[in-house]
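Below is one structure, written out as structure tokens; comments come after it.
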Amino acid sequence: MNDIITTMFNKKFMDELFKPQDLYSKKALRTVYDRLAHASIMRLNQASMDKLYDLMTMAFKYQVLLCPRPRDILLVTFNHLDAIKDFISDSPGILNQVDETFRRLIETYNCLSDGEFQLIRQTLLIFFQDMHIRVSIFLKDKVQNSNGRFVLPISGPVPWGTEVPGLIRMFNHKGVEVRRTEFTTAGNYVTPQREGSFELYGDRVLKLGTNMYSVTRPVETHMSGSSKNLASQAKENIAPNPLAKEELNFLARLLGGLDIQKPTGGETGFRLNLFTTDEEEEYAGVLHGLGLGRLWGALEAKAGPEQL
């Protein structure tokens, strides 16, 4: 993990990343993802790669879409970097590299106006506007409908700097308030207690951009016979994984900052399967070859793999 983070945040790469450039096309983004996945000993077939790519794009779209304010895109990015810093808290040298990127983000984007942040947000949403892939974790949390569109909340804290809806003020030609009218809203809105921190260290307040798999949620389990009961999902496993370094080295190799040693002798590396069973993976692969991969995903999301 330290090697990959060191490579990602080296100065030369950051200099290239901060240069003004056009947004990637969908084809270019998919090509980068394919090359990342196959640049290491990890191997993904086409069907598993489709699932991984769909999860990435929909998760990011969800974060951008639900930002209370356009400026909060920066808080989402800071949440991403805060999570990376947790991985390297015991490596001061690498931590300094990440902090330097943090400072460059603050220097570059903190001075932008709300209109400029709105333009950034709108550009990203236009990029993802035709993507409506259903994701199981979003469906279970009821934040995504069966048609793949996200559910916008009608309750909770309003964006920082705005007032809770329910009051109409009327002014005369001199700008003096002359009357107030209250109305009832459908949602239960509250005023946020504080604004998220845009500094190097601080409470971001906003939870978008944090690990969505770290939340404990009920899952279906098979008990005696065919009965089903709700059980608490196991807490996130944070034990070190001996294969984690090998899984992530492909990105370092792509960036040109780390030489990856290929398996030698009898080592064959490992194979990642994102499907429940090998039979399901093979079947999805056949459907993909026939151009029916999206249909399989839609049927699986609706009926569940055990009913297909």
R0 = 51 Å: FRET efficiency of VAL158 with ASP22, Cβ-based, nearest 0.05?
0.90
Surface accessible to a 1.4 Å probe, ASP15 within the full protein complex, Å²
50
Label point distance in nm, ASP114-ASP54, each placed 7 Å from Cα along Cα→Cβ
3.8
Give me the distance between the Cα centres of the stretch 87-150 and the stretch 182-215, rounded to whole Å.
15
Checked against a 18 Å limit on the C-alpha separation, the offending pairs among LYS26/LYS61; LYS61/LYS207; LYS26/LYS85; LYS19/LYS85; LYS11/LYS207; LYS61/LYS142 are LYS26/LYS85; LYS19/LYS85; LYS11/LYS207
Given ILE168, TYR109, THR185, which one lies farthest toward the positive end of the charge dipole of the stretch 102-199, if we put +1 on the Cβ of every Lys and Arg and -1 on the Cβ of every Asp and Glu?
THR185
What FRET efficiency comes out for the pair ASP3/LEU200, r = Cβ-Cβ distance, R0 = 35 Å, nearest 0.05?
0.90
List every residue whose amide H lies under 5 Å from the amide H of TYR189, counting only residues 5 or more places away in sequence or on a different chain, with H placed 1.01 Å from N in the peptide plane.
GLY156
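The values are calculated or read from the model by the stated rules, or taken from the named source; none is laboratory data. Keep in mind that what you see is a predicted model, and the values were worked out from it rather than measured. Neighbour counts are summed over all protein chains in view; Cβ atoms, including those assigned to glycine, are modelled from backbone coordinates with ideal geometry. Note: areas computed on protein heavy atoms with side chains; ligands, DNA, RNA excluded. Shrake-Rupley method; radii C 1.70, N 1.55, O 1.52, S 1.80 Å.
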